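Worksheet for the structure shown next.
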Amino acid sequence: MNKRRVIALIMALAMVLALCACGSNDDAKGKTETGTSASAEPEKSLELGSVAGGKYENDYFGFGCELDENWTYATEEELGSMIQSTADSVDDEDIKNNMLKADMFYDMMTYYSDGVTNINVVVQNIGVMYGAVIDTDAIADQAIKSLPDQLAAASMTSVSSEKVTVDFAGQQCVAINMHNTVNGVDVYQLQVYVKEGKYVAAVTFSSTLEDNIDIMRQFFYAV
């Protein structure tokens with residue numbers, strides 16, 4: 001995997017790692033507390049997204065996107081190796097271990113023809129109990145708190161970051177808007193959070209040199 005793509009992977013995970021430990025601990029607690037409850041509602045089964053004919057759609061979270069021939073989707077094999085590839089590129093052993101232990105995976109990754117502009121979807125299990133009480137506002141707040149350490153481990157410098165609300169696939173969603181630098185190069189990034197039960201989809205848009213985030217965000221629609 002080339003270095004530009006590895007940098008993109010690190011950037012994609014920088015903001016979701018804040019939830020790793022809490023999600024893991026609360027999931028175990030949730031299974032214990034709800035396992036014998038007669039009143040517990042059936043959990044909606046997680047379904048993976050699919051790619052066909054330039055379209056990516058995830059019915060579970062209710063969004064999809066359509067891209068032209070300038071974009072290339074990662075294969076299932078590539079998606080399966082991305083967490084490990086990203087972890088291998090992080091210097092901080094604690095962050096690396098949290099990354100490998102977290103119940104998360106890449107559902108989609110697509111690159112523009114420049115090799116660095118990209119869109120990806122990371123899905124994370126934040127736990128039964130945690131998923132029942134936390135909303136995307138709180139998820140974004142916790143992610144922002146972890147940013148300095150995560151970015152430093154990825155050899156990135158934060159210029160600015162803020163929690164915002166954006167229109168995404170026909171709904172208003174909480175997101176984090178960021179401007180980072182990597183080796184002096186400007187990188188603009190938006191990560192949008194969509195939550196369903198105990199799962200959170202973090203949809204990350206990354207644009208290098210110039211801010212094309214709003215254009216990329218318009219590729220998404222509701223399904």
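General observations
- Given charges at beta-carbon only (K, R positive; D, E negative), |dipole| of region 56-103 in Debye: 180 debye
- Average projected area [Cα convex hull, region 63-160], square nanometres: 8.0 nm²
- For the pair His179 and Glu47, a Förster radius of 41 Å applied to the C-beta separation gives a FRET efficiency near 0.75, rounded to the nearest 0.05.
- Intensity falloff of region 184-223 expressed as log10 I(q)/I(0), Debye formula with alpha-carbon point scatterers, at q = 0.16, 0.18, 0.28, 0.35 Å⁻¹: -0.49, -0.58, -0.97, -1.16
- Rolling a 1.4 angstrom probe over the protein heavy atoms with all chains in place gives region 68-162 an accessible area of 47 Å² per residue.
- Neighbours of Val174, meaning other residues whose beta-carbon lies under 10 angstrom from its beta-carbon, give a summed charge of -1 when Lys and Arg score +1 and Asp and Glu score -1.
- Packing-based ranking, highest mean first, of 47-56, 186-195 given that Cβ atoms within 10 Å are counted: 186-195, 47-56
- Cα-based Rg / Dmax (Å) for region 138-223: 13.2, 39
- Peptides ranked, highest mean first, by Cβ atoms within 10 Å: ranges 114-125, 166-177, 74-85: 114-125, 166-177, 74-85
- Accessible carbon and sulfur surface of region 80-223 relative to its total accessible area, %, 1.4 Å: 46 percent
The values are calculated or read from the model by the stated rules, or taken from the named source; none is laboratory data. These numbers come from a predicted model, not from an experiment. No Cβ is skipped: glycine too gets one built from the backbone with ideal geometry, and neighbour counts run over all protein chains shown. In case anyone asks, the SASA skips ligands and DNA or RNA and just uses the protein heavy atoms, side chains included. Shrake-Rupley method; radii C 1.70, N 1.55, O 1.52, S 1.80 Å.
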